[in-house]
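Chemist: The structure under discussion is supplied below as structure tokens; questions concerning it will follow.
Just so it is clear, none of the values below were taken in a lab; they were calculated from the coordinates. Treat the numbers as computed from the prediction; the structure is a model and nothing was measured. Glycine also receives a Cβ, built like all others from the backbone with ideal geometry; neighbour counts cover every protein chain displayed.
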Amino acid sequence: MDLMSLAMKYGWILGAIVLVILLHKVLLRYLFGTVIVSKDQIGIVNKKWVLVGSHRTLPDGAIVALNGEAGLQADTLAPGIHFGLWAWQYAVTLAPFTTIDKSQIGIVEARDGRPLSKGRVLARAVECNSFQDTRQFIASGGERGPQISVIPPGTYRINTAMFTVLPAEVLEIPDNSVGIVTTKDGTPLPTGEIAGKETPGHNLFQDGEVFIQNGGYKGLQEQVILAGRYFINPRFATVEIKPMTEVPIANVGVVIAYVGAEGVDQSGDAFKHGNLVKKGQKGVWVDPLDPGKYAINPYTHKVEIVPTANIVLNWATGKSEAHKLDERLSTITVRSSDGFTFNLDVSQIIHIPRNDAPKVIARFGTMANLVTQVLEPTIGNYFRNAAQTSDVIEFLKKRSERQAEAKTAISAALVEYNVNAIDTLIGDITPPEALMKTLTDRKIAEQEQVTYKTQQLAEETRKDLQQARAMADTQARVVDAERSVSIADFAAQAVVKQAQGAGQSKTITAEADARVKTINADADARVKTVNADADAKVVIMVGNADAEKARAVGTAEADVIKMKIASMESGNYAAVQIAQALATNHIKLVPDIQAGGSGADSGSLINVLLAKMLQGGNGNGTTNGTGAGSPAADGQKS
């Protein structure tokens, strides 16, 4: 038998086998009521009809059958093989497991259960094994609608025909941040309150049912959530992430509480501008927050940052410090007593003590209000009033005095507002342009006057310098003239000495004559016998007198010669002596008749010869500083 015959004989068997393989589930389903559920699925059963029994139909309003009624069955089929579920009576839908990712939570809504409790927005929580046990959920009084409980990350066998599960992101609050919570269910807030008080036991709003049972209020919550990971049902509460409240160094934080019990004023009777209360009470807290970070709800508590370091405020257009409290301040415009308008830049340094910061906030509300309501009008009006008491020039000249007066006056004014005025500084002063031109022209004129005086002094100095140069240039001639005067003085002294020697000589001669006459008279009166002795004595005395005379004359001449030698060179002095000797002995130095001259010029020729002789002795035409034709030389010749 060939293959073709075999195929025709047994082909129906092979076809039947293939058909069974392909339709085995259907066959099993219809023939044996068999349902196969894979390992990652559940079977959701819907019973089509019930022939007999008291529970043939569901109760009114029910959706899920608990007692075998026709309709959606509460129990699901677990993975495996199930029998008795014939297709004509049961419709089985295979559904995958419900998987919640690790970064998510499951938000559940039930299709069946009791109606929501009065006033509730979310169904109360019941034990139902994370909504995997529908029968237990309904039996425990589970309510239909959105559930307050959530499903944490994981895999669950949930009847999706009964429960709708939607994923939602897990709440993550980063570091240095807080979560501001607003609940959608709970007790309504009392009249006048803006936020619910802190409620214990709800595990930071993750257990909404406990929150409601413990009397938690619906709406904004005073309590905040710190950094971390939370499974909070977004249908129960919304969380807004805000940065933590930071009080910088050199600042304090004054807390204004909008929630809390009514407090007793702690400011004292002297402070009449607001109440200061203790921490936790409604109002301005008397104790400020020191530098640091605080988990404060910005909707229930406001923190005003008050600098405790020195604050510089500038009344100057376009100039502002980092704190920006003076960004709206501008240059002060004032009017002087002489009617001029000019601009004035002012810087004010203030300090607010730590313990006075709550009083400032209680009085003004903010630091910006302190600047606009007190500092700006106080300082502006002070300088406007001060400018009207003087003219512009006087204001400029007495700037330091005005600054000191302003510091004192403004300090006294700000003490009343719990603000210490450290210093008041006057910056640029911009006088009117016309006045500035007048002052500039005057200053230029004054500077030109100084310049002229300086130039005059320079000319006088130059004149003195030129005079000194001229005197220096003539100094050599002055020295020569002084030398000539000294030589003439020495010559005169020599003549005087010579005259004194001649007088002494004559005195000695006269005395000698008188003595001789006396001796002669005595000799005549005496005995002539002693004439010989007297004559001898006379001779001796006369000789002594002559010797004494000669000695005096010689001494005088020697002194004169020494003085002459001192006043001229020794060679010149010798030439003078030769000329005198020739003249004394009448010896002609030149012939009486000269070629090219007459007798009348003979004297001149002799003078020339003497001058030449004197010049030859020195070699440079001068004799000890005196020329050949000088008076001293002429005196020696005569």
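Chemist: Residues of region 138-176 with amide nitrogen under 18 Å from the 7 Å Cα-to-Cβ point of ASP101?
Modeler: 151-156, 165-173
Chemist: Could I ask something else about it? Taking only C-alpha pairs under 8 Å that are 6+ residues apart, what is the relative contact order of region 176-291 in percent? Could you put the intermediate results ahead of the total?
Modeler: Numbers: 225 pairs, mean separation 31.4, N = 116.
Computed over region 176-291, the figure is 27 percent.
Chemist: Quick check: residue separation of ASP290 and ALA502 times 0.36 nm, minus the Cα distance between them. What number comes out in nm? Mind showing how you got there, number by number?
Modeler: Details: separation 212, 0.36 × 212 = 76.32 nm, distance 12.41 nm.
Taking 0.36 nm per residue and subtracting the Cα distance, the gain is 63.9 nm.
Chemist: When the Karplus curve 6.51 cos²θ - 1.76 cosθ + 1.60 is applied with θ = phi - 60°, which whole-Hz ³J(HN,Hα) does each residue of region 257-266 get, with x for Gly and Pro?
Modeler: With the stated coefficients, region 257-266 comes to 8, 9, 10, x, 6, 5, x, 9, 4, 10 Hz.
Chemist: Filter LYS197/LYS302; LYS407/LYS437; LYS102/LYS293 down to the pairs with a C-alpha to C-alpha distance above 21 Å, please. Could the numbers behind the result be given before it?
Modeler: On the way: LYS197/LYS302 17 Å; LYS407/LYS437 31 Å; LYS102/LYS293 31 Å.
Violating the 21 Å Cα-Cα cut-off are LYS407/LYS437; LYS102/LYS293.
Chemist: Could I have the simple spin-label model distance between SER411 and ASN544, label points 7 Å from Cα toward Cβ, reported in nm to one decimal?
Modeler: Output for this residue pair reads 11.2 nm.
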